[in-house]
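Q: Below is one structure. I have some questions about it.
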Amino acid sequence: MDVAERLRAELGADAVITDPAVTASYQRDMMPLAPHGSPLAVVLPADTAQV
């Protein structure tokens, strides 16, 4: 089981996004000089317990 599958099993399918068209917008924050990469997944926890 890979990391994204484990996260989905723990948090639910709707909380883990792996679509490259969506995750591409999470490649960097507002600091343009900071190094960045391509995220494997974006995790959207519903509450602090999921964090």
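Q: Does A24 satisfy the condition of being surrounded by 10 or more Cβ atoms within 10 Å (Cβ to Cβ) and modelled with pLDDT of 95 or more?
A: No: the conditions fail for A24.
Q: Any chance the stretch 29-40 includes a residue that's touching a helix residue (DSSP H, G or I) at 6+ places or on another chain (Cβ under 9 Å) and in contact (Cβ under 8 Å) with a residue 24 or more places away in the chain?
A: Taking every residue of the stretch 29-40 in turn, at least one turns out to be touching a helix residue (DSSP H, G or I) at 6+ places or on another chain (Cβ under 9 Å) and in contact (Cβ under 8 Å) with a residue 24 or more places away in the chain.
Q: If P39 passes every condition in (1) surrounded by 13 or more Cβ atoms within 10 Å (Cβ to Cβ); (2) modelled with pLDDT of 95 or more but one, which one does it miss?
A: Condition (2) is where P39 drops out.
Q: If I ask for residues that are surrounded by 10 or more Cβ atoms within 10 Å (Cβ to Cβ) and of a type in the set (S, T, N, Q), which ones from the stretch 42-51 would you list?
A: Q50
Q: Only one of these is assigned to a helix (DSSP H, G or I), over 12 Å from the mean Cα position of the chain (by Cα) and without any contact (Cβ under 8 Å) to a residue 24 or more places away in the chain: A49, A9. Name it.
A: When all the criteria are applied, what remains is A9.
Q: Moving to a separate point now. Are any residues in the stretch 4-21 surrounded by fewer than 12 Cβ atoms within 10 Å (Cβ to Cβ) and aliphatic (A, V, I, L, M), and if so, which ones?
A: Scanning the stretch 4-21 gives A9, A13, A21.
Q: How many residues are in a loop (DSSP other than H, G, I, E, B) and either within 15 Å of R8 (Cβ to Cβ) or touching a Phe, Trp or Tyr at 6+ places or on another chain (Cβ under 8 Å) (or both) when one looks only at the stretch 20-46?
A: So the count comes out to 6.
The values are calculated or read from the model by the stated rules, or taken from the named source; none is laboratory data. Keep in mind it's a predicted model, so treat the numbers as computed, not measured. Reconstructed Cβ throughout: ideal geometry from the backbone, glycine too, with neighbour counts over all protein chains shown.
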